[in-house]
Amino acid sequence: MGTSHNAGFTIIETMLFLAITGMLIAGLLVGVGTSVNIQRYHDSVTSLKSFIQSQYSAITNVENDRDSSWKCDASATTSQSGTTQNPGQSDCVVIGRYIVINGGSTIVTTVDAYPPPNVSGTNGDIGDLKSNYTLGLSTVNQQTDSLAWGTVIAWPVSGSGAQSPTMPRSIAILIVRSPETGSVYTFTADNPSDIATMTDAKLKAMLVTGTGPAPSQEQRTICVDSQGLVLPSLNMAVYLHAYATDQTSVETRSNDVIKSLGGDTQC
């Protein structure tokens, strides 16, 4: 009587196959998840850069975002009380944008200026803004948003501008366009007041020309913390050039790029 053999896998071989397959799938999922998180983080950094750049466009192509139910008075304050004024028929002029980035949130509004009759400029653009105009923030259509994918801004971990702890961080960016010459200027300040409490005096206190301790026209490295999306070594920053005047003054930089350009700041 002959002996027959049935081809097949033993239980041990099957278990080994399943274990190896499981490890390969797990490795693949981890790799895919890491790639997705890196892409999300890069999207967040790029979105913040684009948001700041868009404010320069809003100044170059001025938009009056109020309707005829609002007025702007001699304190450069917009309100819906009292006599209304059609857009373009008040004594206020739109001269800029005021941005506050606080942790993972952003808010932006227009900067209005009220000029007295027969304004004459003799002290330069910024000097004339301080002496000849009353500044105020519009309460019409203030735009609020959040940084993408739960990211937040942070201080550098080392080098220029480093602080510990690196969070929380907030920064104000004031971009103004001279009503007299059309030149654009950018000023920044740390730990800004709430928009609702910003007055003519506080806005003018930000108009400090030159580079140095904030507020000033100093360059800014605004680190973006991924909140765990990527390794800390992969953190990036939105870099604002000193004396920024337009969209090209805003860019993204990795730690490696910062080093290659001779900077010591690391996020």
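For segment 216-237, a residue qualifies if it is over 15 Å from VAL157 (Cα atoms) and not in a loop (DSSP other than H, G, I, E, B), and exactly one does: SER216.
Residue-level check: of (1) modelled with pLDDT under 95; (2) touching an Asp or Glu at 6+ places or on another chain (Cβ under 8 Å); (3) farther than 23 Å from SER183 by Cα, ALA214 misses just (3). For segment 194-216, the criterion of being closer than 30 Å to ASN37 by Cβ and charged (D, E, K, R) is met by no residue. The residues listed here are SER105, SER160, SER178; of these, the one that is touching a Ser or Thr at 6+ places or on another chain (Cβ under 8 Å) and over 19 Å from ALA214 (Cβ atoms) is SER105. The sole residue among THR122, THR109, THR139 that is among the hydroxyl-bearing types (Ser, Thr, Tyr), without any contact (Cβ under 8 Å) to a residue 24 or more places away in the chain and over 30 Å from ASN37 (Cα atoms) is THR122. Considering (1) closer than 23 Å to GLN53 by Cβ; (2) of a type in the set (A, V, I, L, M, F, W, C); (3) at pLDDT 95 or above, the lone condition that ILE195 does not fulfil carries the number (3). The one condition from (1) modelled with pLDDT of 95 or more; (2) within 23 Å of ILE95 (Cβ to Cβ) that ASP128 does not meet is (1). Just one of the numbered conditions (1) surrounded by fewer than 17 Cβ atoms within 10 Å (Cβ to Cβ); (2) assigned to a loop (DSSP other than H, G, I, E, B); (3) not hydroxyl-bearing (Ser, Thr, Tyr) is not true of VAL208: (1). Residues in segment 148-185 that are in contact with a helix residue (DSSP H, G or I) (Cβ under 6 Å, 6 or more places away or on another chain), closer than 22 Å to LEU231 by Cα and not hydroxyl-bearing (Ser, Thr, Tyr): ALA148, TRP149. Of all residues being small (Gly, Ala, Ser) and within 14 Å of ILE195 (Cβ to Cβ) in segment 94-116, which is modelled with the lowest pLDDT? Just the residue, please. Ranking the candidates gives GLY96 first. Being at pLDDT 65 or above, surrounded by fewer than 16 Cβ atoms within 10 Å (Cβ to Cβ) and farther than 22 Å from LEU203 by Cβ is the requirement here; does ILE25 meet it? No. Among the residues of segment 253-267, those that are in a helix (DSSP H, G or I) and either within 15 Å of VAL224 (Cβ to Cβ) or of a type in the set (S, T, N, Q) (or both) comprise ASN255, VAL257, ILE258, SER260.
The values are calculated or read from the model by the stated rules, or taken from the named source; none is laboratory data. These numbers come from a predicted model, not from an experiment. No Cβ is skipped: glycine too gets one built from the backbone with ideal geometry, and neighbour counts run over all protein chains shown.
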